[in-house]
Structure formats: structure tokens, C-alpha cells
1. Consider only pairs whose beta carbons are under 6 Å apart and that are at least six residues apart or on different chains; among these, list those whose first residue lies in region 23-41 and is farther than 17 Å from Ile10 by Cα and whose second residue is at pLDDT 85 or above.
2. I need every pair where a residue in region 9-22 that is free of Cβ contacts under 8 Å to residues at least 24 places away in the same chain and over 21 Å from Arg33 (Cβ atoms) has its Cβ under 8 Å from the Cβ of a residue that is among the small types (Gly, Ala, Ser) and surrounded by 10 or more Cβ atoms within 10 Å (Cβ to Cβ), sequence separation at least 6 or different chains.
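The values are calculated or read from the model by the stated rules, or taken from the named source; none is laboratory data. Given the structure is predicted, the values throughout are model-derived calculations rather than measurements. Ideal geometry is used to build each Cβ from the backbone, glycine not excepted, and the neighbour counts take in all protein chains shown.
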Amino acid sequence: MAQKVARVRIKKEPGYLYFVDKDGDISRAKMARGGRKKKKKVVKKAKKAKKRRR
């Protein structure tokens, strides 16, 4: 079992994961959300001008 060493009053912000890093400091990282895909930018190609017959 783990033992509680100290009580730290940190305001947690939603969307972040809080953890103890290798130096023993409390750190946070933005949580990844599965299933969300970025929208692809649609690039429209310019139409070629047709040659006119005279």
C-alpha cells in the first residue's frame, strides 16, 4: 500500500493529468482524447481556362 506523505492543495484544471515526475515535482500534461479527428483542409484546384475557337 502507498503512504500519503504530504497534503498539497492544488486546483486541478479539467483536461489535464497530474502526476509526480522523476524529480519528485508535481507536473501536469494535457490529456489526449480518443476518437477526435482533426478536420482536413480542403484545397480547391483552379479550373484551367479553355481555349476559344474563332
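1. Met31/Gly15; Met31/Leu17
2. Val20/Ser27; Asp21/Ser27
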